[in-house]
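Note sheet for the following structure.
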Amino acid sequence: RLVHLDLKGAAPRSEYLEQVLPLFQALGATGLLLEYEDTFPYTGPLELLRAPHAYSPVELRALLSRARAQGLDVVPLLPFPLQFVLKHRAFAHLREVKELPNALNPHKGESLALVKAMIDQVMALHEDLKWFHIGCDEVYYLGEGEESKQWLQQQDNTPEKLCLSHIKAVATCLASSYPMVTPIMWDDMLRGMSEETLAGSGVPQLVQPMIWDYAADIDVEGKVHLIEKYRRCGFSKVWFASAFKGATGVNQSLTLIGHHLRNQMEWLQVASRSPADVLEGIALTGWQRYDHFSVLCELLPVAIPSLAVCLQALKNGGYSEKVKENVEKLLGMSNLEIDTFMSTSLGTFPGSNILTLVTQVSFYLKSSVDELLERNRYVTGWFSPYHRKRKIIHPIITHHFQPDAVSLLSKWNAVVEDLQAAMEQVFHKCAIEEWMEENVHPSLQKLQQVVDDLDEA
């Protein structure tokens, strides 16, 4: 049971991750799937890939050592296709399609050299790895570059074969230098391929596919057939991938625990109908962005109750009152709610104060400001955009809503100040800034502006 940490957005400080590892282990995790992206401390020609808040080698070694001490296997994930690499001007010449940082050009020798250099640097910081995830999902636009178009005109060449040869090249790159490590890949590019094409590609002997589906009502029957198909093609083992957050809305701020719990229960059904020797494990994904360029979805501390419920359900083969009590005990929570957002989400787990404050903001900030500015008749009737622009108001009207506006502003400023302080313990400045700009500033600035306009009028 691997907990996926998607570090391409709101990457927690290493101290926070070290704090939550014992909790992950107590909840039933047996490993971590670490998607570093630009938070890995690349060096040399790759140094420009590092984000300003990337982990240092010292921080990473300490984190990995803490994970080992907790008995957690670590599986690094390098997300080929490399959006976070190909967005840089220095690597733009390796794009499959010149304008798009979506896929590597598989025909250039330099592409594979880049892959190898990245794998080598990640491997150098990790010890005793059993698996290495090479991504390979959603490789859009592969086959649309000029060299690929020429390649596809040759007899018997197809987009599937191009994709498989690229996967094989990346997997071979890993396997030839690190024969003890098994490559894992997302399975979505393989699902629609014929058994004959897959079996003849040599890919099944090299990698383990990770079948992902984050829905609350997955096609169990279809998944069982897919596993049988992969077995017939020559794959020795498969993985599942469920989700504990980051899969119900691109800008979701609170986690729908019920959705994610149902997702795990569906995967348990798939597991019960599959041969016992075929399943290597399950990764509980926790996406932090839908891709490198999208906004942040739920922050890790906000989703810890969901992770707890999902891990415990998988560990115990289902969800019951006893499992719920166990989760509450481990999180220090007294009122875990599954099918609604928790209105008073107090807990004692690391980062629980962030969950409490984010819940307040998500539930009440926008609605309270909209209530005042759009549904208060004194504002809509006597201090409309027309009045505000000309700074005119009847003095008596100000008494009807100025105290409310000022008090609401001061209340939210205090909450946001507390949230900022809580987030500083866990996140770097850039993540806090982004979350605030997306989730807080639109409403708070509207409120501030109306108070300022009132003063001027």
#### Entry: Mean Cβ count within 10 Å, highest first, over the residues of peptides 217-226, 355-364
355-364, 217-226
### Task
Taking the Cα atoms of segment 332-408, report the difference between the largest and smallest coordinate on each principal axis, in whole Å and largest first.
53, 22, 19
## Note on the structure
At q = 0.06, 0.11 1/Å the base-10 log of I(q)/I(0) from the Debye formula over the alpha-carbon atoms of the chain is -0.32, -0.92
### Summary
Sorted by chain and then number, the residues having a modelled amide H within less than 5 Å of the amide H of F80, at least 5 places away or on another chain, are G135, C136
### Query
trypsin sites (Lys or Arg not before Pro) within segment 308-397: which are DSSP loop residues with at most 11 other Cβ atoms inside 10 Å?
K391
### Message
For E127, project a label point 7 Å along Cα to C-beta. Then give me every residue of segment 51-81 with its amide nitrogen under 20 Å of that point.
### Response
56-77
## Note on the structure
extent check for segment 365-457: Cα max minus min per principal axis, descending, whole Å, gives 47, 22, 20
### Query
Size of segment 38-108 along its principal axes in angstrom, Cα-based, largest extent first?
45, 22, 17
#### Entry: Rotationally averaged projected area of segment 182-300 (alpha carbon convex hull; nm²)
7.8 nm²
### Query
Considering only protein heavy atoms and a 1.4 Å probe, what is the carbon-and-sulfur percentage of the accessible area of segment 2-336?
51 percent
### Summary
For the chain, longest principal axis from Cα atoms; helix 300-316 axis from its Cα atoms; angle between them, nearest 10 degrees, is 50 degrees
### Two-site label geometry, A26 and R89: point separation in nm, points 7 Å out along Cα→Cβ
5.1 nm
### Query
Using modelled backbone amide H atoms (1.01 Å from N, in-plane), which distant-in-sequence or interchain residues come within less than 5 Å of A103's amide H?
E96, V97
## Note on the structure
With T = 25 °C, eta = 0.890 mPa s and Kirkwood Rh from C-alpha pairs, the Stokes-Einstein D of segment 1-141 in µm²/s is about 155 µm²/s
#### Entry: Selection from L46, S410, F24 lying farthest towards where the dipole of the chain points positive, charges on Cβ
F24
### Net charge contributed by nearby residues that have their C-beta within less than 13 Å of D277 (K/R +1, D/E -1)
+1
#### Entry: Carbon and sulfur %, accessible surface of segment 353-456 computed with the full protein complex present, 1.4 Å
51 percent
### Task
Quick one: which residues, 5 or more positions from D187 or on another chain, have an amide H under 5 Å from its amide H? H modelled 1.01 Å from N in the peptide plane, none for Pro or chain starts.
M210, W212
### Task
Within segment 1-99, list the trypsin sites (Lys or Arg not before Pro) lying in a DSSP loop whose Cβ has at most 12 other Cβ atoms in a 10 Å radius.
K98
## Note on the structure
Simple spin-label estimate for H441/D404, 7 Å along Cα→Cβ, in nm, reads 2.8 nm
### Query
Averaged per residue, what accessible area in Å² does the chain show with a 1.4 Å probe, protein chains only?
43 Å²
## Note on the structure
Restricting to lysines and to Cα separations under 16 Å from K149, and discarding same-chain partners fewer than 8 apart, the set is K98, K108, K161
### Message
For segment 286-395, which GluC sites (Glu not before Pro) pass both filters: DSSP loop (anything but H, G, I, E, B) and at most 15 other C-beta atoms within 10 Å?
### Response
E337
### Message
With the crude spin-label approximation of a point 7 Å out along Cα→Cβ, what separation in nm comes out for E47 versus T158?
### Response
4.7 nm
### Task
In whole angstrom, note down how far apart the Cα centers of segment 261-299 and segment 106-133 are.
25 Å
### Task
Take every DSSP beta bridge with both residues inside segment 2-336 and express the antiparallel ones as a percent of the total, to the nearest 5.
5 percent
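The values are calculated or read from the model by the stated rules, or taken from the named source; none is laboratory data. Since we're looking at a predicted model, the values are computed, not measured. FYI the Cβ positions are ideal-geometry reconstructions off the backbone, even for glycines, and counts take in every protein chain you see. Areas reflect the complete protein model, heavy atoms only, side chains present, ligands, DNA and RNA absent. Shrake-Rupley method; radii C 1.70, N 1.55, O 1.52, S 1.80 Å.
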